[in-house]
1. Of the residues that sit in the stretch 61-82 and are β-branched (Val, Ile, Thr) and part of a helix (DSSP H, G or I), which one is farthest from the chain's Cα centre (by Cα)?
2. Starting from residues that are charged (D, E, K, R) and in a loop (DSSP other than H, G, I, E, B), keep the ones in the stretch 398-410 and report whichever is most open to solvent (accessible area, probe 1.4 Å).
3. I'd like the residue in the stretch 424-447 that is at pLDDT below 95 and outside any helix (DSSP H, G or I) and, out of all such residues, is least open to solvent (accessible area, probe 1.4 Å).
4. I'd like the full set of residues that are assigned to a loop (DSSP other than H, G, I, E, B), in contact (Cβ under 8 Å) with a residue 40 or more places away in the chain and open to solvent by 40 Å² or more (accessible area, probe 1.4 Å), limited to the stretch 45-60.
5. Kindly evaluate Ile413 against the criterion of being open to solvent by less than 20 Å² (accessible area, probe 1.4 Å) and over 25 Å from Val314 (Cα atoms).
6. Tell me whether the stretch 354-363 contains one or more residues that are under 26 Å from Phe174 (Cβ atoms) and either part of a strand (DSSP E or B) or modelled with pLDDT of 95 or more (or both).
7. I'd like to verify a number: residues in the stretch 132-154 that are over 17 Å from Tyr396 (Cα atoms), of a type outside the set (Phe, Trp, Tyr) and open to solvent by 10 Å² or more (accessible area, probe 1.4 Å), how many?
8. Return the residues of the stretch 152-164 that are touching a residue at least 24 places away in the same chain (Cβ under 8 Å) and over 22 Å from Asp54 (Cβ atoms); say none if nothing qualifies.
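The values are calculated or read from the model by the stated rules, or taken from the named source; none is laboratory data. What you see is a predicted model; the values in this text were computed from it and never measured. With ideal geometry, Cβ positions are generated from the backbone for all residues, glycine too; neighbour counts draw on all protein chains shown. Accessible surface is based on the protein model in full, side chains and every heavy atom, while ligands, DNA and RNA are left aside. Shrake-Rupley method; radii C 1.70, N 1.55, O 1.52, S 1.80 Å.
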Amino acid sequence: MKMKRAVTLFLCIIMTIYIFTGPAIFKRYAVDYRKSYEPKTNEPEWKGIIRFWDYPNLDTTTGSRFGWIEKRIREFEKKNPGVYVEFRPLDIQNGRTTLMAAAKIGAHPDIAPVGSDWFFISSGLLDALDEYITDANKNDFDKEALESVSYRGNVYGIPWAARGYTLLLNKHIFEQRGAEFPKDGQWTYEEFIDSLKKLTHKGNRKGTGSTYGLNGYIDPGCYNLTGILMSDGAQFIDSSGNYIFNSPIALKGLQKLYELKHKHAVTHPQFGEMGKGQAFSTFLSGQCAVLLADAWMAQYIKNIGGQYGIDLAVAAYPRGEAEMPVYMNDIYYSYGLFKQEDPLKKKACAELINYITDASFTQDLTKFGYFSPRKSGSMIYGGDDAMYAINRELSYAENLPRHKNWQEIDAVIQYNIKEMLNSGKSPEKALEDMKTQVNKYFSYQND
């Protein structure tokens, strides 16, 4: 009986303890499953504003120009509370001049698309980013991509895209005019000229119904004509920094460009006068059968340009004496970091660049008609014959010369090409004037 009372008393005591302490114990060890669905955030070591300037990148699926980068910025800010990104769009035509002027007076942003720009890299304006790139990440980049952002043993930018040029072909016009289609997208210069002649059809006296074989454009920073200029092996600046576009081979490239318009008469009448948008419009409207073009234009036609009803194909530049379809291009698009005084802010900026350029976003490059600078992104166009072919032809592309004043030198070259095509200047005179006008940029030994 006494044992029964003792057990009863013990159970009453346990029950009393449970009533008063149980809720606290359960609260302490309870799992709130709602929290497992909340996005994880980091408590940043540094809080403040990061100034980020960037050029527009046309999303060929939506027409947006800044939607992709703004989305990345919002995601980064959400993951790093207290870090705010002040974004400023750069004008595609004058953006580089704006950045150079801002750098001169110390009003530059923290991050900008200057990681592959030789002027900014070699002028000591950027911070090295080696300590913020993992070995695995570095090993994933193509060798050429890393070389484009490297200087004296350090890495000054992180590539996120590669861009190329190609020849856009309207297959319907080729079939209509009985022009030979380049086999496997490859042709000699003679085959190229023969096809263009067949593709050129003059309409009535007012030009109505005319179709022209070829068109292209001249704009600052555009290199779509270099596939003709360099087809026999011409170069602009050698590895020692000397200007060498003054040789018989360079003259031959200029003569080819001149003769397309003035001898063979296979180009649009305004070839050499048009900017990028105008020339692209002539292709979309069926006025020309072949366009010397930016690669992204192929994706544009496939996606939001589908209403034009173009049966599209692409081809490489025609082969001359160089025996390969070579061209020059500002291939890699990379973000660089302007010098920072605060090491914690520098780290936060590097984390933002790494987030934007992360390999997990590689597939998004197809929206822009860009290509991956990573080995792991070599097959993003595996199911797209045209873009895969252009990607393969990037191996023929040469990056811009490593000269601080290349943009100014290029402006001189383009100006003289315009005069040659539109104002009656001879190729010989254009070549001579180019050399005279660029001499001031070669009066010193380059770094």
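1. As a first pass, look at the stretch 61-82 and keep what is β-branched (Val, Ile, Thr): 61-62, 69, 73.
This time we only want the ones that are part of a helix (DSSP H, G or I), so: 69, 73.
Working: Ile69: 14, Ile73: 19 Å.
Applying the filter and picking the extreme gives Ile73.
2. Step one: list which residues in the stretch 398-410 are charged (D, E, K, R), which gives 398, 402, 404, 408, 410.
Now narrow it down to the ones that are in a loop (DSSP other than H, G, I, E, B): 402, 404.
On the way: Arg402: 104, Lys404: 67 Å².
Of everything passing the filter in the stretch 398-410, Arg402 is most open to solvent (accessible area, probe 1.4 Å).
3. Residue satisfying both the conditions and the ranking: Asn446.
4. Step one: list which residues in the stretch 45-60 are assigned to a loop (DSSP other than H, G, I, E, B), which gives 45-47, 55-60.
Now drop any that are not in contact (Cβ under 8 Å) with a residue 40 or more places away in the chain, which leaves 45-46, 55, 57-60.
Across the stretch 45-60, the qualifying residue is only Glu45.
5. Details: open to solvent by less than 20 Å² (accessible area, probe 1.4 Å): yes; over 25 Å from Val314 (Cα atoms): yes.
Answer is yes for this residue.
6. Narrowing the stretch 354-363 to residues under 26 Å from Phe174 (Cβ atoms): none.
No.
7. So the count comes out to 13.
8. Narrowing the stretch 152-164 to residues touching a residue at least 24 places away in the same chain (Cβ under 8 Å): 154-164.
Residue satisfying the conditions is Asn154 alone.
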